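Undergrad: Once you've had a glance at the structure underneath, I'll fire off some questions.
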Amino acid sequence: MTLRDDKKKLSTWLFNPFLFVGGERILLIGLIIAAVHIPIGYFLNVRFDGAIDMHLVPTDVGLLTPVIDVLIAWLSMAGCMFAAAKIFQSPMRLIDIAGAVLVARIPLLLSIGPVLLLEPDFQSIEELLNLQGSELYQLEALSGISLVFLISLIVLLFNAFKINSNLKGARLWIGFIGSAIIAEIISIMIQQAV
């Protein structure tokens, strides 16, 4: 199958748009996606407080909070992926991975709808453990749906790293897994310090 044939497949566009878009275009698309995070975070009380995290919070979120959340998540993931690629002597360009990491965050945005609709009402762990009936089914449905969005995010991040680093085999997997874990740790540490 050729790249031309792949361009016609919806699954390729959904899970590996980085085959077709790069450079300034992917960065511009990514910055638009990052900008969408801000009003969503502000108006819906959503925190993007980690490299791959999204949470609803019970208190109002200030306008600056989603800006800081997205910047920390973006810079930690893009920076770690870029560093990992350079450690393995990849020709990765910073502009490509910076935009691709932002585009890969689309599943986080899409997951907000189901979370808002299905999140059961509980205030403590005891209440969570005692959920029954429809609230328990809501929690199970939300868990399954959230898992699908998390897997989509990870697939997009992996493809962003793979295409932009041009690494193969163990170096690809070590670079991706290592950079994702380190980015998550860094982003959480910075969030706690801010």
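Undergrad: If you check A51, A100, which single one turns out to be under 13 Å from the mean Cα position of the chain (by Cα), in contact (Cβ under 8 Å) with a residue 12 or more places away in the chain, in a loop (DSSP other than H, G, I, E, B) and surrounded by 24 or more Cβ atoms within 10 Å (Cβ to Cβ)?
TA: One residue alone meets the criteria, A51.
Undergrad: Taking the condition of being assigned to a helix (DSSP H, G or I) and open to solvent by less than 90 Å² (accessible area, probe 1.4 Å), how many residues in the range 163-180 meet it?
TA: The number of residues fulfilling the criteria is 12.
Undergrad: For the range 141-194, which residues satisfy the criterion of being among the charged types (D, E, K, R) and closer than 19 Å to I72 by Cα?
TA: Residue satisfying the conditions is E184 alone.
Undergrad: Can you find a residue that is outside any helix (DSSP H, G or I), among the charged types (D, E, K, R) and in contact (Cβ under 8 Å) with a residue 60 or more places away in the chain anywhere in the range 66-82?
TA: no
Undergrad: Further question: Is it the case, given these coordinates, that I40 is at negative phi, open to solvent by 70 Å² or more (accessible area, probe 1.4 Å) and assigned to a helix (DSSP H, G or I)?
TA: The answer is no for I40.
The values are calculated or read from the model by the stated rules, or taken from the named source; none is laboratory data. Since this is a predicted model, take the numbers as computed values, not measurements. Positions of Cβ are generated from backbone atoms using ideal geometry, with glycine treated the same way; all protein chains shown enter the neighbour counts. For accessibility, only protein heavy atoms count, side chains too; no ligands or nucleic acids. Shrake-Rupley method; radii C 1.70, N 1.55, O 1.52, S 1.80 Å.
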